[in-house]
1. May I ask you to compute the full-extension gain from Ile141 to Ile4, defined as 0.36 nm times their residue separation minus their alpha-carbon distance, rounded to one decimal in nm?
2. Please state the charge dipole magnitude for the range 1-42, taken about the Cα centre, from unit charges on C-beta atoms (+1 on K and R, -1 on D and E), reported in debye and rounded to the nearest 20.
3. Could you work out how much longer the chain between Leu189 and Trp210 gets when fully extended? Use 0.36 nm per residue separation minus the Cα distance between them, nm to one decimal.
4. In which sequence would Val146, Val124 go, from the one with the fewest C-beta neighbours within 10 Å to the one with the most?
5. So which lysines pass the test for Lys38, namely a Cα distance under 29 Å, with those fewer than 8 places away in the same chain ruled out?
6. Out of residues 5 or more away from Met300 or on other chains, whose amide H comes under 5 Å of its own, with H placed 1.01 Å from N in the peptide plane?
7. Can you sort Leu171, Leu113 by how many other beta carbons sit within 10 Å, fewest first?
8. Neighbour counts of other C-beta atoms within 10 Å: give me Ser165, Ser243, Ser284 arranged from fewest to most.
Amino acid sequence: MFEIFTQLADWLVYRLMGLSPDTKLGDALHFFVEDVSKIYVLLVVMIYLIALARASLNVERVRDFLAGRHRGVGYVLGSGFGAITPFCSCSSIPVFLGFTSAGIPVGITMAFLLTSPLINEVAVLLLMSLLGWKFTLLYVIVGMGVGILGGLFLDQIRAERWLQSFAQKALERGRQHQQPTQTGPVEKLAFSERHRFAKTETGEIFGRVWKWVIIGVGLGAALHGFVPDGWIETHLGDGQWWSVPAAVGLGIPLYSNATGVIPVMESLIVNGLPIGTTLAFCMSTVAASFPEFILLKQVMQWRLLAILFAVLLTAFTLVGWIFNLLTPFI
């Protein structure tokens, strides 16, 4: 699906610029071009399509289903949708914005945002070949559990009040959009009107976040691949209790997607890093990186970012400890 962005980066960095993929500069620049182009396309396409659908369809039934007595089902559906979509943490954000604009409850949207970078079908297949089906199944269950419980917790503390003002307004517009009236059904809009609405919303959101995509991915690219070889295994490979939170903290400045981090995971395990410590490091790299939080700052206030950050770090540390304890029995 995203091969065209890889090919674009190959052509621009390796052929046109003449850089070698074996150099850190070439690898970092390739990473930057591929991710920025992918996220820009996703921003435009996903926000436009969701806005177009929201203007075209009566979405309050879906929203009420997810927000009312079926809220628990909504967390599972949000997390499940995140698990089957091949998005990294940064490219999940356009979908997050679309869900918010559609009036979907924040907790359900966050269940998607937390799960999407952790699980995708390619990562599951690679992980199964590396660790076997038992570890892979447990990883999927834990990844979805992080999304479901995180979404539930954020709804309980009413996290929507800490969205940025434009995101709060988009959420409120989504809740009010196409509400039935006492005088009759909602009048359907012509395609030109729906297109105009979607185009305006896409332009507004893209105009707010495009520069932060460059900054966030640029930071990730600058750090990508620059950790000295063998450093992690040497310092965190003895399995002490503190090695798991240390691995989580080490993964924060880095950035990768679930597919790209699997080879890193394999290398770490082969070189003696405990499985739980490896998973904690890789989950932190994928779902709690600085680049992602730079982008999320555009839709969340600092308080919500800090809470989300604490939830993720706590969850990943617990996951690492649990997997290290269970490894001898699986």
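1. Numbers: separation 137, 0.36 × 137 = 49.32 nm, distance 3.13 nm.
Full extension from Ile141 to Ile4 adds 46.2 nm.
2. Working: 3 positive and 6 negative charges, 21 e Å.
For this selection, approximately 100 debye.
3. Values: separation 21, 0.36 × 21 = 7.56 nm, distance 2.95 nm.
Working it through step by step, the gained length comes to 4.6 nm.
4. On the way: Val146 25, Val124 21.
With the fewest neighbours first, Val146, Val124 line up as Val124, Val146.
5. Lys24, Lys169, Lys199, Lys211, Lys297
6. Result for Met300 returns Gln164.
7. On the way: Leu171 21, Leu113 28.
Arranged by neighbour count, lowest to highest, Leu171, Leu113 become Leu171, Leu113.
8. Numbers: Ser165 8, Ser243 23, Ser284 26.
Result, fewest neighbours first: Ser165, Ser243, Ser284.
Any read-out appearing in this document is the output of simple, stated calculations on the displayed coordinates, not a laboratory observation. Given the structure is predicted, the values throughout are model-derived calculations rather than measurements. In this analysis, Cβ positions are derived from the backbone assuming ideal geometry, glycine residues included, and neighbour counts consider all displayed protein chains.
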